[in-house]
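Enquirer: Sharing a structure, written as structure tokens. Questions coming.
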Amino acid sequence: MIVAIDDDETIRALIAAALRFEGYEVMEAEDGAAGLALVRDYRPDLVVSDVNMPVMDGFSMLQTLRADPSIQATPVILLTSLQEREHMRSGMSSGADDYLTKPLVFDELRDAVATQLNKHLMRQTAQAQAVGTAIDAALQEQKKRLSRLYEEKLLAELSEKWPSADSLVEDQKFANATVLFVDVVNFPALAEKLSSTELSEVVREFYNNAGDTVYLFGAYHMQFVGEGLLAVFVDSTDTDTVNNGLRATKAALGLITSAQRVQGFLASHFPGRSLPRFEVSVGLNSGAVTLAKLQDALRGKSQILPVGDTVSASMLLQKEANKAGWKIAASATLLREVAGAVKIGRRKRFSLPERSSALDGIELLGLAS
């Protein structure tokens, strides 16, 4: 059972219809207080809730739900419109499991719900396919109008929230931070099969989603390294409810989901091309990190470079994860930060190149139920 909460009757009905056609039982509520009452009475498998509502908004509902031991484990997906995106980081820190932006896309809603419920997607009937197409068509026009504003606002938020090189006077040293490094596994093979223009579309599709995901889970610093993305997570005043290791882990899982969506993009935009699958692997490691400020004397600018063994080891772990066929490889140090909150798979002692000592690696499979 799923509880759908939204004060807009039309949007609520659309969400309920989409989920019912996927085979889920859905109960509806017009605000957070009514939705919370349904959760307490019926113990649903999932809550899909808007953020901005009268009586009790989505954040208050989420905080109350997480404070109640009898229902605190219920997964919650938050829905936010463009102008509410600046509040999403606090929502994630308060314990939201995922988020979707409005205007909703049926496929994204379906995938997010299926992920949280940990079920295989039900076979779609011809009627469900027709409804899905109709929902996508109804929302597509609004999505196009908002997409440009969405990207511009996201870039502005990234510039505002993350520290710029010029704003740092000295190196920043963190005794305990988590480094995430993600890289595209089959990038050379994709580059061989696609034109430079086509490849740029694919890369943009992934890294727009990747940067969004990393930011929303509270990354303190992010930068691109070749075709890879490196992010540093630290504990700060606005993320103290969830430690940096768990936030980095959630971001890593979100990146795997983003890669799956890009694979769908490849299939729909380049049919019949026999392209290699779009996949990523992630390395996670915790420890001391320094954000070193480097001055460019020629251009009069500066840049930030994350340095330290924690950074190097995370990048090496990513390469070993790829070789081992793992999606996410974490160090034992990171695992201690998230113990009890994640599902783990295989373990392996990696003899990493250029390191004198081996490193214990653990395969991360998901969040503990």
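Enquirer: What is the extension gain from Ala191 to Lys173, computed as 0.36 nm multiplied by their sequence separation minus the C-alpha to C-alpha distance, in nm to one decimal?
Expert: 2.7 nm
Enquirer: Please name whichever of Val234, Leu246, Thr213 sits farthest to the positive end of the charge dipole of the stretch 209-277, dipole taken about the Cα centre and charges placed at Cβ: Lys and Arg +1, Asp and Glu -1.
Expert: Thr213
Enquirer: Another question, if that's okay. Any idea how far apart Glu25 and Gln263 come out in nm if each label point goes 7 Å out from Cα toward Cβ?
Expert: 3.2 nm
Enquirer: While we're looking at this one, here's another question. Could I have the simple spin-label model distance between Phe270 and Ser351, label points 7 Å from Cα toward Cβ, reported in nm to one decimal?
Expert: 3.7 nm
Enquirer: Can you order the peptides 337-348, 20-31, 172-183 by their average number of other Cβ atoms within 10 Å per residue, highest first? Present the calculation step by step, with values, prior to reporting the outcome.
Expert: On the way: 337-348: 14.5, 20-31: 17.8, 172-183: 22.2.
Going by the mean number of other Cβ atoms within 10 Å, highest first, we get 172-183, 20-31, 337-348.
Enquirer: When only Cα pairs under 8 Å and 6 or more residues apart are kept, what is the percent relative contact order across the stretch 246-359?
Expert: The value is 24 percent.
Enquirer: At a 10 angstrom cut-off on C-beta neighbours, averaged per residue, how do the peptides 49-58, 202-211, 275-284, 63-72 rank from highest to lowest?
Expert: Values: 49-58: 20.1, 202-211: 18.2, 275-284: 22.9, 63-72: 13.8.
For the peptides 49-58, 202-211, 275-284, 63-72, the packing ranking is 275-284, 49-58, 202-211, 63-72.
Enquirer: Now for a different question. May I ask you to derive the FRET efficiency for Ala339 and Ser81 from their Cβ-Cβ distance with R0 = 30 Å, giving the value to the nearest 0.05? Walk me through the intermediate numbers first.
Expert: On the way: r = 36 Å, r/R0 = 1.22.
Once rounded, the FRET efficiency stands at 0.25.
Enquirer: Between the alpha-carbon centers of the stretch 1-56 and the stretch 310-369, tell me the distance in whole angstrom.
Expert: That distance is 38 Å.
Enquirer: Quickly work out the Ala13-to-Leu117 label distance, labels modelled 7 Å from Cα along the C-beta direction, and quote it in nm with one decimal.
Expert: A separation of 2.3 nm, rounded to one decimal place.
Enquirer: Which pairs break 24 Å Cα to Cα here: Lys173/Lys343; Lys319/Lys343; Lys250/Lys319; Lys193/Lys343; Lys193/Lys250? Please report the intermediate quantities before stating the final value.
Expert: On the way: Lys173/Lys343 31 Å; Lys319/Lys343 21 Å; Lys250/Lys319 20 Å; Lys193/Lys343 36 Å; Lys193/Lys250 32 Å.
Check vs 24 Å cut-off fails for Lys173/Lys343; Lys193/Lys343; Lys193/Lys250.
Each reported figure results from applying straightforward, stated rules to the coordinates on display, with no laboratory input. Fair warning: this is a prediction, and the values are worked out from it, not measured in the lab. Note that we place each Cβ from the backbone using ideal geometry, even for glycine, and neighbour counts take in every protein chain shown.
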